[in-house]
1. What about Arg522, is it under 13 Å from Ala375 (Cα atoms), open to solvent by 30 Å² or more (accessible area, probe 1.4 Å), in contact (Cβ under 8 Å) with a residue 60 or more places away in the chain and not small (Gly, Ala, Ser)?
2. Within the range 1-60, take every residue that is farther than 21 Å from Gly411 by Cα and polar (S, T, N, Q) and give me the one that is least open to solvent (accessible area, probe 1.4 Å).
3. Within the range 319-327, is even one residue over 20 Å from Ser467 (Cβ atoms), open to solvent by less than 70 Å² (accessible area, probe 1.4 Å), out of contact with any helix residue (DSSP H, G or I) (no Cβ under 8 Å at 6 or more places or on another chain) and at pLDDT below 75?
4. Filter the range 409-429 down to the residues that are at pLDDT 90 or above, of a type in the set (A, V, I, L, M, F, W, C) and buried (at least 18 other Cβ atoms within 10 Å of the Cβ) and list them by number.
5. Among the residues of the range 464-484, is there at least one that is in contact with a Cys (Cβ under 7 Å, 6 or more places away or on another chain) and modelled with pLDDT of 95 or more?
6. Give me the residue from the range 499-510 that is open to solvent by 30 Å² or more (accessible area, probe 1.4 Å) and outside any loop (DSSP other than H, G, I, E, B) and, out of that set, nearest to Leu456 (Cα to Cα).
7. Would you mind telling me which numbered condition in (1) open to solvent by 70 Å² or more (accessible area, probe 1.4 Å); (2) in contact with a Lys or Arg (Cβ under 7 Å, 6 or more places away or on another chain) Glu494 fails?
8. Could you run through the range 357-408 and say how many residues are more than 25 Å from the chain's Cα centre (by Cα), among the polar types (S, T, N, Q) and open to solvent by 40 Å² or more (accessible area, probe 1.4 Å)?
Amino acid sequence: MAVVREFTLPDLGEGLTEATIVHWMVEVGEVVAIDQPVVEVETAKAMVEVPCPYGGVVTARFGEEGAEVPVGAPLVTVAVGAVPDDLAAAGPGTGPDAGAGAEGGASDAGGASGAPADGAADSGSGNVLVGYGTSAAAARRRRIRPGPGAGPMAGVPRPPGGVADGSAGAGAAEGAPRGSGAVAAGATAVGAVGVTGTSGVSGADGSAGTGAVEDDSRTVAVISPLVRRMARENGLDLRELTGSGRDGLILRTDVECAIRARQERETASAAGTATTVGTEGTTGAGVTGVARAGAVTAIGAATAPGAVAGEERIPLKGMLGAAAEKFSRSRREIPEATCWVEADATELLAARRAMNVPGAPKVSLLAVLARICTAALARFPALNSTVDTKAQEIVRLPAVHLGFAAQTDRGLVVPVVRDAHARTVEELSAEIARLTETARAGGLSLAELTHGTFTLNNYGVFGVDGSTPIINHPEAAMLGIGRIAAKPWVHEGELAVRQVVQLSLTFDHRVCDGGTAGGFLRFVADCVEQPALLLRTL
């Protein structure tokens, strides 16, 4: 007997709350193996292939390519046991016909929540993505599936987070099987955070749904802390929104569209013109004065103040949105200061040429500068730290995980060299080359993109001399390297043409004062001018 297992988008690490579906790797009706990648998603950090812990026949997929999916939302359902175990474990093949398809007989056994039927064995792989296990039954979430008709909610367990629109049928039961992927009104938003308000609860038709709380409170389905913070900072009441996500889940785009709609109404009111976004423009159940996300986007695009016909609008989503949020947060939270100095890099270039002898491992200039950075941080550890704002403490970190800025087709990324302080210049060069190649191929893992403690930014490759970089929050400092160019320079008392570079250090003034920052930068400049100084630190 087949058991239908639901596989949800796992926690992909470091506070990520959503991902965008880039490419489906399986079709409905296809046989998949345990731990076979089923979908490629893009997070704010990287492109990730997500493996399914169950082997069997894919009965449903949730979300189209390009759709944004919150953590905890379903990705696929798999009929486990619809094919022989050896075939399911061996690899993908051709799925059976009608019996195990999206609408097939697999739905008669087990619930969509992934919990096995009584006596059924757990055929999950047990493998773990970041913060997520596949074999622990206790970690699975219980889901309520509404049945046909309306009825009282007495005796029906309610999962954490509540029901998105407060409605459920009389036949709702824990572990009820799913069909072909259709979304039923009233299905529970997995992992949603309940916020009690004063707005009424409405069903799918706009009327009070079964299970509505009589004291005019309603549960708001919000899964992302970022969404709650955005709403709070902009004075937006989440109780007035209906989410465009599955089961009414409120996404970041819903908040952005609501803010934009409010700005449109204010602009139109100031100009004395009528606005199309009002009570009559309400779309969807339980919304008060705010249109659904798609409608607001269309209105905003047509009537944005100062809009020009043919202009291009690029959504701040994915990596672009994550970078924008991080830059903004860095500017808001970190009292940064910048100091800079010019240095004669002629001897540094000569030392690098001497290291790159035939038969020896190739050493890049960035690797030499990285080795100088780790030596400087050993002398000035205050710059390898972070600030714990809740505890009001400066946390000095024991290891140097060195990030370096890399430009790719998908935008700017910052791969991280782990334990850079313990690596030789040759090892640093090899690891930087590997991470750069992987970044350009879009294959960096989250572990290779997170938890850096100090960043090296070589913007000289763009042909510029200097910059005041934004600190990579929550780090405390960033060293910028400008281009190395031939310039007139006083060398040994005489004017000469030398290879000169500008170095800039942007630092968090909370972790140190200008004396420490200046000492760090001066040590780096001295090592650039006299590479032999590095020998004293080894």
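The values are calculated or read from the model by the stated rules, or taken from the named source; none is laboratory data. These numbers were taken from a predicted model, which means no experiment stands behind them. Virtual Cβ from ideal backbone geometry, glycine too; neighbours counted across all protein chains shown. Please note that ligands, DNA and RNA were not included when accessible areas were found on the heavy atoms of the full protein model with its side chains. Shrake-Rupley method; radii C 1.70, N 1.55, O 1.52, S 1.80 Å.
1. Here the answer is yes, as Arg522 does meet what is asked.
2. Checking each candidate, the answer is Thr59.
3. Yes, the range 319-327 contains at least one residue that is over 20 Å from Ser467 (Cβ atoms), open to solvent by less than 70 Å² (accessible area, probe 1.4 Å), out of contact with any helix residue (DSSP H, G or I) (no Cβ under 8 Å at 6 or more places or on another chain) and at pLDDT below 75.
4. Answer for the range 409-429, where residues must be at pLDDT 90 or above, of a type in the set (A, V, I, L, M, F, W, C) and buried (at least 18 other Cβ atoms within 10 Å of the Cβ): Val414, Val416, Val417, Ala420, Val425, Leu428.
5. Yes.
6. We begin by selecting, within the range 499-510, every residue open to solvent by 30 Å² or more (accessible area, probe 1.4 Å); these are 499, 502, 509-510.
Restricting the remaining residues to those that are outside any loop (DSSP other than H, G, I, E, B) gives 499, 502.
Details: Gln499: 20, Gln502: 14 Å.
So the residue we want is Gln502.
7. If we test Glu494 against (1) open to solvent by 70 Å² or more (accessible area, probe 1.4 Å); (2) in contact with a Lys or Arg (Cβ under 7 Å, 6 or more places away or on another chain), just (2) comes out false.
8. 1
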